[in-house]
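The values are calculated or read from the model by the stated rules, or taken from the named source; none is laboratory data. The shown structure was predicted, so the numbers you read here are calculated from the model rather than taken from an experiment. Cβ coordinates were reconstructed from backbone atoms using ideal geometry, including for glycine residues, and neighbour counts include every protein chain displayed.
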Amino acid sequence: MSQAFPSAPRVPRTHRALAADDHKWGFKAHFRRHAFGWKSQPAIQRVKQAVSEIKKVARGEPVLAGDGAVTLLERLSPALEHVDSSSGAIGTAVNNAIVELVPIIVGAPAASDMRETWLERLWAAHKADQIPYIERLADYWGELCTSKGVANTWADRLVGITRMALSPDSNLHGHFHGTSACLSALYRAERYTEIVDLLQGDNIWPYKRWAVKALAAMGKKSEAIRYAESCRGSWTHDAEVDAICEEISRGAGLVEEAYERYGLRQTQWHLPGDVEGRRQGVPAQELG
């Protein structure tokens, strides 16, 4: 008679590897290449439903949800390529999805090899993003690394080409889809001086804001605010400069000053009918 051995204890899904077909995600059926036509509303609804599906799973199986979030981000751009994005509605829906999905990926107790695979998959999706829809994902790259060590590795990987892309030399300067990812990784790796040095040239606000954050992180809060103020211009939304300056001022304990100089002014943006003000990003009282 054969001896019966006790069965091995069940390992929680949060601590074991996931098989590719371990879970049947409902959103996969809707997010195939060119799945949507030109109307944006059906696509927006499907994006919201997919995020809700992932968030529901995250309550009990966070690693599975993290993998699902990566899968959805991989599929967004190919599925939405034919959607009319002129109103900005679908872009806003995708950006909102990114904001909700990143914490799920970051918070999942995944093994290091799985997280490394997730990063590589997200990097490949971001590189292939032609519209682009998931461009903003790069702003969260440092968070997605989840540790200073991993962020340092990614920063080393990206900083060479980023330096060329940001160079004032016209023979080197150009677009690199990973510039924001590099700056985010450098920030997570606490390589603040390097960020400031990279951004000494004439660069756009989405990049320069990382220098503002780096200066503030180094304790140079007044210099950070002056740097942010110097970035104001026709291609920079004043509301974004006000927001980061208010955050830095509050962090320095200047709560009342932060509100008076920046917070109060933010309540004056986007007044009804102020179309030109919305386009230029200036307070209503400065128009005319």
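Scanning the range 57-79 finds one or more residues that are assigned by TED's automatic domain parsing to the domain that holds G37, of a type in the set (K, R) and farther than 18 Å from R136 by Cβ. For the range 27-42, the candidate set comprises residues that are of a type outside the set (D, E, K, R) and in a helix (DSSP H, G or I); within that set, the residue that is nearest to S112 (Cα to Cα) is F27. Candidates V150, V196: the one that is out of contact with any Leu (no Cβ under 7 Å at 6 or more places or on another chain) and either among the β-branched types (V, I, T) or closer than 29 Å to A69 by Cα (or both) is V150.
Scanning the range 191-219 for residues that are surrounded by fewer than 17 Cβ atoms within 10 Å (Cβ to Cβ) and not in a helix (DSSP H, G or I) yields a total of 6. Is it the case that some residue within the range 107-124 is aliphatic (A, V, I, L, M), in contact with a Pro (Cβ under 8 Å, 6 or more places away or on another chain) and buried (at least 16 other Cβ atoms within 10 Å of the Cβ)? Yes, the conditions are met somewhere in the range 107-124. Checked against the criteria, A110 counts as at pLDDT 95 or above, farther than 28 Å from R226 by Cα and not in a helix (DSSP H, G or I).
The combined condition, being modelled with pLDDT of 95 or more and in contact with a Ser or Thr (Cβ under 8 Å, 6 or more places away or on another chain), is not fulfilled by I105. Among the residues making up the range 125-135, those that are crowded, with 18+ Cβ neighbours inside 10 Å and assigned to a helix (DSSP H, G or I) are A125, H126, E135. Filtering the range 160-184 to residues that are assigned to a helix (DSSP H, G or I), crowded, with 18+ Cβ neighbours inside 10 Å and either aromatic (F, W, Y) or more than 14 Å from the chain's Cα centre (by Cα) (or both) leaves T162, A165.
Scanning the range 43-91 for residues that are in a loop (DSSP other than H, G, I, E, B) and of a type in the set (V, I, T) returns a single hit, V83.
Against the list (1) touching a Leu at 6+ places or on another chain (Cβ under 7 Å); (2) more than 22 Å from A243 (Cα to Cα); (3) surrounded by fewer than 21 Cβ atoms within 10 Å (Cβ to Cβ), the condition L144 fails is (3).
Among all positions in the range 14-22, there is at least one residue which is part of a helix (DSSP H, G or I), at pLDDT below 75 and either exposed (fewer than 11 other Cβ atoms within 10 Å of the Cβ) or assigned by TED's automatic domain parsing to the domain that holds A111 (or both).
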